[in-house]
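Working notes for the structure below.
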Amino acid sequence: MNRIRHDGPLIIGGGLAGLSAALEAGPRPTLVVTPAPLLQACSSAWAQGGVAAALSAEDQPALHAADTASAGAGLVDPEAVRALTDDGRQTVEWLAALGAPFDRDADGGFAVSLEAAHSKARVARVGGDGAGRAILSALVASVRAAPHIEVWENGRLRALVQDATGRVRGAVIERDGRLVEVLAPAVVLATGGAGGLYARTTTPAALLGEGMALAWLAGAEILDPEFVQFHPTAIDVGVDPMPLATEALRGEGARLIDAHGDFLLGDAPDADLKARDIVARAVHQARAEGRGAYLDARAAVGAHFPDEFPAVFAACMHAGLDPRETPIPVAPGAHYHMGGIAAGLDGRTSLPGLFAVGECAATGVHGANRLASNSLLEAAAFGRRTGRAAGAEAGGEGRVVQAVVAPDLAPEALTALRVAMSDNVGVVRDAAGLTRALALMERLEQEARGALPVIAARLIAGAALERRESRGGHYRSDYPDTDADARHTRLSRAPVVAPAAVLAAE
């Protein structure tokens with residue numbers, strides 16, 4: 001395959017985390033590789049809620065940190081949470097300076113909304129439910145104008161390149177059906193989450209955890225992969241991926257009901273604003289019992305729907321449903337992966353030369369359950385930190401090892417995997433279901449050895465089987481209690497370094 005040398009960070013991923021890193025990596029030459037045009041096929045652009053930060057006079061970063069830790073169910077890293085919440089206002093102001101058109105109050109400050117498990121209104125939104133696309137659009141414009149950044153919008157990550165010591169030296173990228181080996185002093189994985197491994201998901205279906213799988217194959221530590229967040233109000237209208245009904249609707253007073261009109265979580269005004277795992281299980285149970293689950297926004301939003309929540313309104317109308325007059329059918333959908341590649345505040349992983357940021361990374365800020373709208377904050381705040389660190393990384397010398405490109409999974413095999421993940425590794429899990437899912441993955445592995453989606457799915461399901469308790473987004477019906485001592489799952493494998501495959505010196 002062809003080989004090129006790039007004297008700066010190689011960033012894989014064009015979402016908020018990757019582009020934030022690219023902007024901060026300057027003036028070092030930076031190459032951004034994404035498999036689809038910018039603004040397409042990334043979760044950042046689909047985010048509806050906004051950016052959580054202590055922005056009002058009644059709020060403080062310490063309160064934001066406390067809410068984050070409470071949601072994380074004992075597994076958050078206090079230092080990482082402090083860094084994230086302390087960076088909140090500065091990050092929102094940075095995004096605004098780039099052109100992100102946040103909603104403003106009458107005094108010109110950031111308008112903030114309340115979302116579940118937040119003790120204060122602190123979610124900065126754009127146009128009601130359009131934060132992700134608006135914020136990312138501003139970054140895309142800045143990236144295209146930045147002289148130090150080059151973007152490949154048709155490049156797919158196929159393998160990581162290492163030297164004989166295990167240090168990451170670059171990546172194999174597929175462009176127009178051809179493979180090219182890009183050597184770089186730093187590789188930043190900003191490849192997004194793993195929602196596409198599930199048949200019922202709110203994320204782009206192309207997000208299959210492949211960055212996590214490649215990092216694991218290279219020998220990087222994987223942290224807490226079993227923790228997957230399921231959004232309780234994915235719109236259930238037979239669309240893949242499922243459209244999302246933002247949590248902000250419940251913040252405005254929309255209620256979850258069953259087919260009989262009874263409240264799913266009780267009649268208290270804030271009953272539907274519990275942590276997402278609790279709400280998701282209530283929706284799951286109502287559906288499993290045949291009662292159905294619906295989000296009723298008729299009284300809370302009503303005629304204001306087109307102006308206040310245009311994205312949700314458009315999705316409903318496209319499905320032939322008018323949310324001003326009819327409750328919205330909902331179901332839990334795989335929404336966010338709290339686990340992933342273990343990474344520090346500046347994106348450094350356990351492998352020299354490899355950085356990870358955004359949803360593919362596990363920095364310790366989400367623990368067992370992500371607090372709503374913390375993900376965009378993390379992507380931008382830690383993306384900036386990661387870009388600066390990767391931009392300062394020295395190349396060094398090393399002899400690279402032949403990289404092995406994994407086979408693709410056949411479409412019918414991927415469909416079977418996605419169904420098995422939703423049915424057995426979803427909102428409610430047990431040993432029997434997890435074992436069935438792992439048995440399917442074993443068969444798929446025999447058919448396509450080394451297929452990255454299967455590896456990613458096995459990391460999630462295998463860790464879920466081993467965690468014999470319920471905590472945060474991980475609920476075991478056969479182990480419903482939470483252990484007194486919170487423990488992390490840490491997975492790694494020794495990289496396979498074959499001396500016979502060492503190639504020319506860098």
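Among residues of the stretch 174-193 being within 14 Å of Pro9 (Cβ to Cβ) and under 24 Å from the mean Cα position of the chain (by Cα), the one that is surrounded by the fewest Cβ atoms within 10 Å (Cβ to Cβ) is Val187.
The criterion of at least 2 residues that are closer than 24 Å to Ser375 by Cβ, under 28 Å from the mean Cα position of the chain (by Cα) and without any contact (Cβ under 8 Å) to a residue 40 or more places away in the chain is met by the following helices (runs of 4 or more DSSP H) wholly inside the stretch 266-337: 310-318.
Every condition in (1) acidic (Asp, Glu); (2) part of a loop (DSSP other than H, G, I, E, B); (3) over 30 Å from Leu265 (Cβ atoms) holds for Glu58 except the one numbered (3). With respect to the stated conditions, Ser142 is touching a residue at least 24 places away in the same chain (Cβ under 8 Å), surrounded by fewer than 20 Cβ atoms within 10 Å (Cβ to Cβ) and part of a helix (DSSP H, G or I). For first residues located in the stretch 408-436 and more than 20 Å from Glu447 (Cβ to Cβ) and modelled with pLDDT under 95, partners that are of a type in the set (Lys, Arg) and surrounded by fewer than 21 Cβ atoms within 10 Å (Cβ to Cβ) and lie 6+ apart or on another chain with Cβ distances below 8 Å do not occur.
Listed here are the residues, each with its yes/no results for (1) crowded, with 20+ Cβ neighbours inside 10 Å; (2) of a type in the set (A, V, I, L, M); (3) closer than 23 Å to Gly130 by Cα.
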position	(1), (2), (3)
Arg3	no, no, no
Leu10	yes, yes, no
Pro27	no, no, no
Ala45	yes, yes, yes
Gly50	yes, no, yes
Gln60	no, no, no
Gly74	no, no, no
Ala80	yes, yes, no
Thr91	yes, no, yes
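Each residue in the stretch 361-415 was checked for being of a type in the set (A, V, I, L, M), in contact with a helix residue (DSSP H, G or I) (Cβ under 8 Å, 6 or more places away or on another chain), in a loop (DSSP other than H, G, I, E, B) and buried (at least 24 other Cβ atoms within 10 Å of the Cβ), and 3 pass.
The numbered conditions (1) crowded, with 23+ Cβ neighbours inside 10 Å; (2) farther than 20 Å from Thr165 by Cβ; (3) of a type outside the set (Val, Ile, Thr) are all true for Ala356 except (2). Residues that are part of a loop (DSSP other than H, G, I, E, B) and either touching a strand residue (DSSP E or B) at 6+ places or on another chain (Cβ under 6 Å) or charged (D, E, K, R) (or both) within the stretch 21-47 comprise Arg28, Pro35, listed in sequence order.
The values are calculated or read from the model by the stated rules, or taken from the named source; none is laboratory data. Since the model is a prediction, treat every value here as computed from it, not as a measurement. Using ideal geometry, Cβ is built from the backbone for each residue, glycine included, and neighbour counts are taken over all protein chains shown.
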